Each structure stands twice: as structure tokens, then as C-alpha cells.
Amino acid sequence: MNLIKKLTPSKHLVKQSLQGHAWMGLFWAGLLYLICLSGTLVVFFPEMERWEQPLEAEYTEMSAPAISQALTAFQQKIDEPIESLYYIYPSEDIPRAHVSANDQEWWLNKAGDLTEAVDAPWTSMMTDLHIYLHLPHTIGIIIVGMLGAMMCGLVISGVLSHPNLFKDAFKMRWGGNKHLEQTDLHNRLSVWSLPFFLVISLTGAYIGLFGVNMTVADYFDESITSEEVISTVFGDDPLIDEAPTVVSIQTIQDDLKEREPQAEFLYLVVQKPGTDGQYVEMAATLPNRLIYSEIYRYHSDGRFIDYQHLSDGDAGRQIAYSSYRIHFGHFGGVFTKIMYVLLGFAMTAITVTGVNMWFNKRKMRNHWYYLWNGYVWTTPMSIALSAMCSMVFGLNPVYTFWISLVILSAVALRYQDENKHKNYLQLLRWLTVGLTVMTVFIHGINFPYEKWYWIFSGSIILLSILPVLNLRLWTYKWATA
């Protein structure tokens, strides 16, 4: 009992934490909502890219001669010098290969022929929204990283401001007092998902602020440069000085399989192709490891150089290189991704209910209240509209998203009668469903009716329908008071 009493925060600390938690969350709620919702959806971004640009030629393996042919053909297609020439192996998520260099990217058929350019503007719009908020990349990723750090603060202050948070873990008061309803939903989702929120916010902060840390290291410590820090974390590049030869892909693949029989090839990159410094990197995933990959380096003729020790190096290096898979849920297969989506929606609901609680507690029904509700429900509708305009009409999805988001959020201010406001929000939900269904079927008409396309499409439609049904799940009255 004495230990529990010592660990229980004082009333003063609870009050201070609650105030800080409320104002911090309120101030950043709009951006946090965008990042949480977009991040939830882009857990499946490889599948989204495949869904947006379906191709008939899909496969899980490509021969070494076909890979060599593809790299040669692609290199001839690019007129300017190439620093890094990538071949990305087909995977379970995207069963087709592609090549990439100098901001150009092409799909390949199984024979190694270039088929068509990779073109998934809506998927890119969604990933850029989550990672950069559609801002210039340097500024955007810093802001998103800061928001990740802010989420860590919200998690900690939320725990400190609710001493009975875990005691009331299963307390739900549905119906009746709407403030209590929103409070219980907010607090219960927070408790059940606490480890997930902390991990996501920490990895998001690390990914976003890594560049800032390098700049700080450059500025404040003259004895070390950012390049040296990166080399310490991820390893140095090998120094090669020999005449370039044709890359012996089969030899490299055979050697790697002999070294790591359970490794799965992720990508191959020819560094500094056509120069005396040419060498090859093979990235491969290892079983039961969270690191993004281990990277093995080879001479062009297949002689082994070394590997980067991302899988067995210092703990800091392993943790740093695991942040991507942990943040996006790209480990453990489809089940892990589904769990990430569910927990991501819980995080999104917590953001929304937190603001709802603030309005409900003060019984405020002002312009900001109606604008917030409009913004919450216009966002998924704008995502659906941008998908349709991009995939069906070829319009820029970034412009479509932001123009519709700003205009239709502001329209909510015209409906400040309670019943009219609820009807407007319900209209936005139905528009989300309608646009999603239309996009799925119109886009699907132009491509073969593959089973995977319709399974994925059905999941998207189901997600858009749930809020309309007003189920007493995480979707229950997100933005209605």
C-alpha cells in the first residue's frame, strides 16, 4: 500500500498535468488528426500502390539474366549519370519487380522488360501527407517529428493526469451524459493502446528528427560531422578502385543464400555504376528480426566485401534500423498490419474525442466547435474524393484533397443549428462511402477483375461504411456531441 501511495501522483501534479495535456492536445489536434488518420491508412501503402496501378504481369520470382537485362535497359534509358541503380525484388505485398534511379521508376515483366512507369499519385499523396504534411520535405519531416515528440508528451501527461486510468480500464458509460461518454471512450482507448501509442510516437519522433540531430551535431560539435555520425550508426561505404565489370547477379545471389539461407532478397543496388568505384549492395530481410534489412556488399564479379552489421552490431544501430518496420507495422505479416490499422484508428479517435471533451465540458457551441466537427468528417471525404479524381479523372490528388478539405470544412459554419449540423456531418459520411464505392468500381472496370483487387477494395469500402452505421465501436459519434 505504501508503494502504491508513493507512486500515486499528487493532486497538484494531476491538475498541472491535466491542464498541460488539454492545452497541448487542443493546440496540435488538427495536425495530429491528419497524421494519425493518414498514418493508419498508409500501413498498407505497398498494397495501395498495387491497388492503384494494377498490372496483369505479376510474379514472385525473376531470373538473374532477366534482372541483368532490366538494369541494362533501364540504364540506357537514362541519359544522365547515375549514383545508385536499384532493382527491387517482387514481394508478397507487391508481386512484381521494378527498377529505379534518378527519380525515375519502371515496372518490369518477368522477362525483365520495362513495361510502364510506376504511377501511383494518390498513394504518394497519402504517404507524403503522413510524412511531410505536403510541405517542403525538410520542413515537413521536422514538423512531423516534433509532433511525434509532442505525442510522447501527451501520453505521459495523460497518464499523470488520470491517477485512476488503469483502475477504470473497463468503465464505459454509453448514452446519457455525452461528456462522460466521450471521456470514457478517450480514456479507455488510451489505456488499452498505451504501449502502441508510446512506440509509434517515439519512432515517429526519431524518424522525423534524425536530420535535425545531424544538423545540431554539425553546428555544436566541431570534432564530428553529420557524415561521421551516420557512418557510426549505419556503417561506412566500402572504398573500391577497380575497373567496372558486368555485375554477376547470379553469383551474388548464390553467395548470399549460402551465407544466410533464410534471407529474403529485398533490393539490389549498383552503386556508382560505370565508374572505378562501382560495387553492389544486396539488402535482405532476416527471419524474426525487426531491422529493415541487413546489407551485404560485393564486388561486381561477386566477390564478397563485407556487411553492415545492422543485424548484429551495436544495440543502438539495431534499434535505429528497426524504427521503420516498428513504426509502420511492416513485420509479422498481414495480421500485424491489421492490428496496426485498428490501433491507428484508436489513436485517431483519441485525438478527436479529446477535443470533443474540451468543448462538451464547457458546453461551447461556437464557430470553432462547428468548424472542428466539419474538419473531422471532411478529411476522410476529401481523401476519398482525391482518390476518385486521381484514379478516374487524372487530377492532382494533393490539390483536390486540400481544396475540398478547406471549403467543405468551412461550409460546416453555415449549419450551426444542431439538427442541421448533424445532418451535414451525416452527409459527409455518406459522400465518403459513395465516392469510395464509385472509385473502386470505375477504376476496377479498366483492369482485370483479379481476386486480390476486390478483396482489398471490399476492405476499403467496409472502413468507409462503418461510421455511417454509428456502431458503438471506436466510430461511435466521433464528432457529434
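The numbers here are math on the coordinates, done by the rules we state, and not lab data. Bear in mind that the values here come from a model prediction, so they are computed numbers and not experimental data. When we count neighbours, we look across all protein chains shown, and the Cβ atoms used for this are built from the backbone with ideal geometry, even at glycine.
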- prompt: Which number comes out as Rg/Rh for the range 60-111 once both Rg and the Kirkwood Rh are worked out on C-alpha atoms?
  reply: 0.96
message: So for each of 270-281, 371-382, 237-248 I average, over its residues, the number of other beta carbons within 10 Å; can you give me the resulting order with the highest mean first?
response: 371-382, 270-281, 237-248
- prompt: Which FRET efficiency, nearest 0.05, do Arg303 and Ser84 yield, Cβ-Cβ r, R0 25 Å?
  reply: 0.80
query: To the nearest 0.05, how large is the calculated FRET efficiency for Leu31 and Leu239 if R₀ is 45 Å and r is the Cβ-Cβ distance?
result: 0.55
- line: A student applying the Cα gyration tensor rule (rounded when a/c is under 1.5; otherwise prolate if a/b is larger than b/c, oblate if not) would label the range 401-456 prolate
- request: Treat every Asp and Glu Cβ in the range 257-385 as -1 and every Lys and Arg Cβ as +1, leave all other atoms uncharged, and give the resulting dipole magnitude about the Cα centre to the nearest 20 debye.
  value: 1060 debye
field: Residues Thr348, Thr127, sorted so that the one with the fewest Cβ neighbours within 10 Å comes first
entry: Thr127, Thr348
- prompt: What FRET efficiency comes out for the pair Glu92/Asn423, r = Cβ-Cβ distance, R0 = 56 Å, nearest 0.05?
  reply: 0.80
- prompt: Whole-Hz Karplus ³J(HN,Hα) for the range 407-424, in order, using 6.51 cos²θ - 1.76 cosθ + 1.60 and θ = phi - 60°, x for Gly and Pro?
  reply: 5, 6, 5, 5, 4, 4, 5, 6, 10, 9, 6, 4, 5, 5, 5, 4, 5, 5
task: Provide Rg over Rh for the range 77-163; use the alpha carbon set for both Rg and the Kirkwood Rh (inverse mean inverse pair distance).
output: 1.19
field: Mean projection area, nm², convex hull over Cα of the range 243-340
entry: 6.9 nm²
field: Theoretical gain in end-to-end length, Asn366 to Lys257 [0.36 nm per residue, Cα-Cα removed]
entry: 32.8 nm
Linear extension gain, Cys152 paired with Thr138, 0.36 nm per residue minus alpha-carbon span: 2.9 nm
- request: Report the local net charge at His443: Lys and Arg +1, Asp and Glu -1, summed over other residues whose C-beta lies under 14 Å from its C-beta.
  value: -3
message: Apply the Karplus curve 6.51 cos²θ - 1.76 cosθ + 1.60, θ = phi - 60°, to the phi angles in the range 331-346 and return the couplings in whole Hz, x for Gly and Pro.
response: 8, x, x, 5, 4, 4, 5, 5, 4, 5, 5, 4, 5, x, 5, 4
- request: Starting from the Cα gyration tensor of the range 365-481, take the square roots of the eigenvalues, sort them a ≥ b ≥ c, and report rounded, prolate or oblate (rounded when a/c is under 1.5, otherwise prolate if a/b is larger than b/c, else oblate).
  value: oblate
